[in-house]
Each structure stands twice: as C-alpha cells, then as structure tokens.
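The values are calculated or read from the model by the stated rules, or taken from the named source; none is laboratory data. Because the structure is predicted, anything quoted here is derived from the model rather than measured. Every residue, glycine among them, receives a Cβ derived from its backbone with ideal geometry; neighbour counts consider all protein chains shown.
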Amino acid sequence: MKPYRYPQVRNIYFGDGVVKTTGTIVATEGVKKVLVVTDKFLFESGMLNGALKSLEEAEIEYRVYSDVHPNPLLSNVLACYEIMKELGGEGVIGFGGGSSIDCAKSTALLMTNPLPLQQYVGKDIVPNNTVPIFTVPTTAGTGSEVTSGSIILFDDTGKKGGILSKRLIATCAIVDPELLLTLPPTLTAATGMDALSHAIEAFTNVNASLQSDMWCKQAISLIGKNIRRAFFKGDDIDARRGMSLAATSAGMALLGSGCAGSHAMAYSIENKYHTMHGKANASMLPAVMRFNAPAALEKYAAVAELLGENIAGLSMHEAAYKASEAVQKLCDDLSIPRIREYGVTEEDLEPFAKECCANARLMAQNPRRITPEEAVKIYREVF
C-alpha cells in the first residue's frame with residue numbers, strides 16, 4: 001500500500017445541545033465577528049436561536065444571511081462576501097444542510113483569495129488559507145461539516161462546480177443531534193441515503209484506505225440500524241444520534257477516498273432537473289452497486305453484512321449482490337422514487353450517459369469502468 005495523507009477537521013464538538021455553546025467555540029478560536037449563513041426556513045423557524053443567543057453571550061458580533069438556495073448559487077456566495085466585507089468578518093458559520101455549509105465555505109475562501117470563484121473549481125488549487133469556518137449541520141447527510149469540498153451552482157451556466165481543497169476543511173464542526181428532531185421524513189430519507197452513498201462509494205472505490213474503511217464501516221452500520229427509525233419516528237433521539245454520527249463519519253471517509261460512479265450519474269439528473277442531491281444519489285445507488293459488485297466482491301459482501309443481511313453460507317459472489325438488495329430495500333421503505341419521477345425522459349438517457357462518463361474525477365475512482373453504453377443500461381434499470 002502506498003502512503004497517503006489524511007487531512008481532518010481540527011475539532012468536532014458532538015452531543016445533545018452542543019449548539020448552545022457555539023459562541024464559546026467561536027470565541028475560543030479568537031474570532032469576534034462572524035457571518036451566519038443559513039436558509040430562510042431555518043431562520044424563520046427559530047432553529048438558530050440557541051446558537052445566536054450563545055454568540056451574544058460570548059459578545060461575538062454577527063450578521064445573518066438567510067437566503068441560501070437549496071442548491072447554493074454563486075450569487076448567494078457573492079452576497080455573503082459583500083456582507084462579510086461590510087462586517088469586517090473574521091469567520092463564517094454555516095448553519096444548515098450541505099447547501100448552507102457549502103455557501104459558507106466558499107464565502108470564507110473569497111475572504112482570502114481573489115475573485116472569481118470559478119477559478120477554484122477543481123482539486124487543490126486554492127492558494128491561500130480561508131478565514132475560520134464553523135459548521136453546524138441540521139441534516140444527517142452531506143457530511144459537509146467535515147469534508148474538504150464546496151459544491152456551487154453557477155447561475156450563468158446552470159451547472160454545478162466542485163471546489164475541493166484541504167483549505168475548505170472546517171476549523172470546528174458543531175454536531176448536535178437535537179437539531180434533527182424536527183427534520184421531516186422526506187429530508188431524513190434523502191439526506192440519510194446521501195450519507196449511505198458516501199460511505200459505500202468511499203468504501204468500495206479505488207482510493208479506499210485502512211483509515212477511510214474504518215469511518216465507512218461505522219457509517220454503514222449506523223445507517224442500517226437507525227435510518228428507518230429516524231424516518232418513521234423522527235423524535236427518536238437515539239436514532240438521530242446514530243444518523244448524526246453516521247453522516248459525520250461518512251464525511252470523514254470522503255476526505256480520504258471520495259465518491260465515484262453513483263454520484264457522477266446523479267449529478268447529470270440534478271443539473272437538468274434540480275433534483276434533491278440525496279434523492280438522486282439514492283435512486284442511482286442500487287443499480288450502480290449491482291454493476292460494480294463483480295469488481296469488488298469482498299467489499300460489497302462486507303457492505304451487505306454491515307447493513308444486516310445474513311450472508312452465512314453464501315459464496316462471496318452471492319454475498320456481494322446482497323448489498324444492492326439491502327440498499328434497494330431501504331429505498332423502497334423510504335419511498336425513494338424512480339428517476340422518471342424527477343422528470344427524466346428516455347431521451348435524456350444517452351446525453352446523461354455521455355455527460356457522467358466525462359466526469360473523470362469521479363468515474364476514475366469507480367471500482368469498475370463505466371462506458372457510456374453501460375451507463376445508459378444503468379439509467380434504464382432505475383428509470
């Protein structure tokens with residue numbers, strides 16, 4: 001095995017009610033002025049109140065930007081950037097799902113790196129460290145609270161661009177399971193399956209390492225045990241704790257090995273139909289797993305067992321295919337739709353196949369090469 005470097009978030013604060021200590025955490029990092037980046041629903045629902053009160057108690061000056069789009073836009077980032085300059089902001093808090101956190105990360109980037117943001121799309125091309133980034137996830141899904149990426153939708157092209165840099169890893173992640181107690185079932189399913197897709201792809205792709213495998217196994221097992229309970233009984237705090245830890249663990253895995261084919265294929269759907277990221281991933285995942293299984297039999301057999309499948313007495317080949325069966329059962333139980341329900345048509349499949357196969361960054365990491373012709377067949381499986 002060749003040596004690898006595993007960058008990580010410096011501090012993770014995890015536990016019930018920890019969001020109420022946000023001010024103390026920010027002050028500990030020497031930050032006195034922050035921009036809080038969130039969305040309109042979270043702001044108007046009062047979910048930020050505990051964090052904002054703690055900022056006031058710690059005498060931290062703050063402003064709130066609450067207009068983040070479900071797929072964060074470049075215009076959102078630029079608006080935050082202007083507020084940060086007016087405030088003299090020394091740090092950014094991303095409060096919400098992956099959209100708010102990714103918007104906050106890109107805002108932090110622009111405070112120390114020149115415009116335009118587009119020039120940083122790619123891997124490890126951000127020249128300067130950002131201002132401190134504090135992340136407070138309100139979903140158990142993207143893992144953005146600990147990852148090194150920021151996915152932004154560029155208004156002018158309608159396409160998403162990924163900025164991947166160790167400089168975007170948060171200074172502090174503040175993970176409070178109590179923030180998930182009111183997360184509705186649809187979002188619980190979409191974000192939870194997103195976390196599962198992260199863990200499975202990070203576990204089975206060509207860049208997997210011993211350290212990323214450790215995080216993946218924890219995430220897959222926790223999701224298998226908790227996602228149905230969180231979906232059907234949202235106020236089950238034990239299930240919410242399990243899902244919070246799973247999503248953060250899957251995010252930690254992404255730092256080492258990243259995603260693969262399922263994400264590439266889902267992005268094509270999202271780019272055209274602006275589908276919720278986690279749902280598009282979940283819809284694609286079982287079929288991509290079936291395609292990949294022969295190339296990583298031991299890993300997929302392990303996934304099946306981690307998800308609770310009984311593989312005793314099965315051959316390695318049979319056990320490997322149990323993994324996609326287990327994920328399909330989850331999709332069925334959580335009401336994950338077929339891709340045609342997002343608006344996808346038969347005419348989309350060939351263009352989507354060409355587009356996703358051109359995503360060299362993700363497809364190169366897939367355990368089995370996917371050609372455009374094979375991609376069409378995979379899309380048809382879930383159509």
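Among (1) under 22 Å from residue 194 (Cα atoms); (2) in contact with a Gly (Cβ under 8 Å, 6 or more places away or on another chain); (3) not β-branched (Val, Ile, Thr), which single condition is residue 73 missing?
Answer for residue 73: the failing condition is (2).
Would you mind finding the one in 145, 201, 178 that is touching a residue at least 12 places away in the same chain (Cβ under 8 Å), buried (at least 24 other Cβ atoms within 10 Å of the Cβ) and either small (Gly, Ala, Ser) or within 26 Å of residue 34 (Cα to Cα) (or both)?
On the way: 201 fails: either small (Gly, Ala, Ser) or within 26 Å of residue 34 (Cα to Cα) (or both); 178 fails: buried (at least 24 other Cβ atoms within 10 Å of the Cβ).
Just one listed residue meets the conditions, 145.
Would you confirm whether or not the stretch 324-334 contains a residue that is free of Cβ contacts under 8 Å to residues at least 40 places away in the same chain, surrounded by 16 or more Cβ atoms within 10 Å (Cβ to Cβ) and in the same structural domain as residue 280 (by TED's automatic domain parsing)? Break it down into steps so the answer makes sense when it comes.
The first filter runs over the stretch 324-334 and keeps only residues free of Cβ contacts under 8 Å to residues at least 40 places away in the same chain, leaving 324-325, 329, 332.
Adding the requirement that they be surrounded by 16 or more Cβ atoms within 10 Å (Cβ to Cβ) leaves 324.
Checking which are in the same structural domain as residue 280 (by TED's automatic domain parsing) leaves us with 324.
Yes, the stretch 324-334 has at least one match.
Which one of these does residue 328 not meet: (1) under 22 Å from the mean Cα position of the chain (by Cα); (2) farther than 28 Å from residue 186 by Cα?
Tallying (1) under 22 Å from the mean Cα position of the chain (by Cα); (2) farther than 28 Å from residue 186 by Cα, residue 328 fails exactly one: (2).
Which residues, counting only those in the stretch 157-172, are within 13 Å of residue 117 (Cα to Cα) and among the basic types (Lys, Arg)?
Correct list: 160 only.
I need a count of the residues in the stretch 335-350 that are assigned to a helix (DSSP H, G or I) and either without any contact (Cβ under 8 Å) to a residue 60 or more places away in the chain or exposed (fewer than 12 other Cβ atoms within 10 Å of the Cβ) (or both). Before you say what the answer is, go through the steps one by one.
To start, the set of residues in the stretch 335-350 that are assigned to a helix (DSSP H, G or I) comprises 339-342, 346-350.
From what's left, either without any contact (Cβ under 8 Å) to a residue 60 or more places away in the chain or exposed (fewer than 12 other Cβ atoms within 10 Å of the Cβ) (or both): 340-341, 346-347, 349-350.
Total meeting the criteria: 6.
This table checks each residue for (1) among the basic types (Lys, Arg); (2) under 21 Å from residue 181 (Cβ atoms); (3) surrounded by 24 or more Cβ atoms within 10 Å (Cβ to Cβ); (4) outside the structural domain of residue 168 (by TED's automatic domain parsing).
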residue	(1), (2), (3), (4)
17	no, yes, no, no
33	yes, no, no, no
40	yes, yes, no, no
55	no, no, no, no
98	no, yes, yes, no
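Name the one entry in 135, 139, 130 that is in contact (Cβ under 8 Å) with a residue 40 or more places away in the chain, touching a Leu at 6+ places or on another chain (Cβ under 7 Å) and of a type in the set (Val, Ile, Thr).
On the way: 135 fails: touching a Leu at 6+ places or on another chain (Cβ under 7 Å); 130 fails: in contact (Cβ under 8 Å) with a residue 40 or more places away in the chain.
That would be 139, the only listed residue that is in contact (Cβ under 8 Å) with a residue 40 or more places away in the chain, touching a Leu at 6+ places or on another chain (Cβ under 7 Å) and of a type in the set (Val, Ile, Thr).
Could you list all residues from the stretch 247-302 that are under 13 Å from residue 142 (Cα atoms) and of a type in the set (D, E, K, R)?
279
Determine if the stretch 292-303 includes at least one residue that is outside any helix (DSSP H, G or I), basic (Lys, Arg) and at pLDDT 95 or above. Reasoning before the result, please.
In the first step, residues of the stretch 292-303 are kept if they are outside any helix (DSSP H, G or I); the result is 296.
Now drop any that are not basic (Lys, Arg), which leaves none.
Among the residues of the stretch 292-303, not one is outside any helix (DSSP H, G or I), basic (Lys, Arg) and at pLDDT 95 or above, which makes the answer no.
Cβ-Cβ below 6 Å, separation at least six or inter-chain, first residue in the stretch 227-242 and outside the structural domain of residue 307 (by TED's automatic domain parsing) and assigned to a helix (DSSP H, G or I), second surrounded by fewer than 24 Cβ atoms within 10 Å (Cβ to Cβ) and of a type in the set (A, V, I, L, M): which pairs?
none
Could you look through the stretch 55-90, keep only residues that are of a type in the set (Phe, Trp, Tyr) and assigned to a strand (DSSP E or B), and pick out the one that is farthest from the chain's Cα centre (by Cα)?
Of the residues in the stretch 55-90, the ones of a type in the set (Phe, Trp, Tyr) are 62, 65, 81.
Among the residues that remain, those that are also assigned to a strand (DSSP E or B) are: 62, 65.
Working: 62: 26, 65: 21 Å.
Within the stretch 55-90, the match that is farthest from the chain's Cα centre (by Cα) is 62.
Do we find that residue 138 is assigned by TED's automatic domain parsing to the domain that holds residue 263, among the polar types (S, T, N, Q), within 13 Å of the chain's Cα centre (by Cα) and at pLDDT 95 or above in this structure? Even if it seems obvious, please write down each step before you answer.
Working: assigned by TED's automatic domain parsing to the domain that holds residue 263: no; among the polar types (S, T, N, Q): yes; within 13 Å of the chain's Cα centre (by Cα): yes; at pLDDT 95 or above: yes.
Spelling it out, it is not the case that residue 138 is assigned by TED's automatic domain parsing to the domain that holds residue 263, among the polar types (S, T, N, Q), within 13 Å of the chain's Cα centre (by Cα) and at pLDDT 95 or above.
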